[in-house]
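Written below as structure tokens is the structure these notes are about.
The values are calculated or read from the model by the stated rules, or taken from the named source; none is laboratory data. Keep in mind that what you see is a predicted model, and the values were worked out from it rather than measured. Glycine also receives a Cβ, built like all others from the backbone with ideal geometry; neighbour counts cover every protein chain displayed.
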Amino acid sequence: MENLNENTNNPKQRHGCVTAWLILIIIGSSLSALIYLFAEDMVAQSFPNGISSSMLILLALLGVGNVIFAILLFKWKKIGFWGIVLTNLIGVFVNLNVGLSIGQSLVGLLGLGILFGVLQIKKEDVSAWGNLD
């Protein structure tokens, strides 16, 4: 019972940078999913060997996944972080499969590193990572 009262008196809080980064993930992932779905020709031209419709759909689904997982992070669920890790790793393999270099493919993991770092920022001596369930 004491934990219940403690949680209502001290609700979980996140630093503004964490909130801003999660919002950026949601906006960026939503936009990329829409672009993959509705601007196929433009996207296909940016890949050295072109890209199939099925790969574009997969990339769009990964973007939708990132949105869902970022929302889970907003709800203090650690599975949201691990979901973003999974979608980013799948994205690296898709990028390699469509002909991007290893360096270009790994750049996608920078956001993941930033997310982990931002989750370490403390508010009232507790990091967002420490608040995740």
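Beta carbons closer than 6 Å, at least 6 apart along the sequence or on distinct chains, pair a first residue in the range 8-20 that is at pLDDT below 90 with a second that is hydrophobic (A, V, I, L, M, F, W, C) and loosely packed, with under 14 Cβ neighbours inside 10 Å for K12/W76. Pairs linking a residue in the range 52-71 that is more than 15 Å from W82 (Cα to Cα) to a residue that is among the aromatic types (F, W, Y), with Cβ atoms under 6 Å and 6 or more positions apart or on different chains, are L56/Y36; L59/Y36; A60/Y36.
The set of residues from the range 73-91 being in contact (Cβ under 8 Å) with a residue 24 or more places away in the chain and among the β-branched types (V, I, T) comprises I84, V85, T87, I90. Residues that are aliphatic (A, V, I, L, M) and either part of a loop (DSSP other than H, G, I, E, B) or buried (at least 17 other Cβ atoms within 10 Å of the Cβ) (or both) within the range 10-36 comprise V18, L22, I25, I26, A33, listed in sequence order. Within the range 94-111, restricting attention to residues that are within 20 Å of V67 (Cβ to Cβ), among the hydrophobic types (A, V, I, L, M, F, W, C) and assigned to a helix (DSSP H, G or I), the residue that is nearest to the chain's Cα centre (by Cα) is L110. For the range 40-79, the set of residues classified as among the aliphatic types (A, V, I, L, M), more than 18 Å from R14 (Cα to Cα) and modelled with pLDDT of 90 or more consists of M55, L56, I57, L58, L59, A60, L61, L62, V64, V67, I68, listed by residue number.
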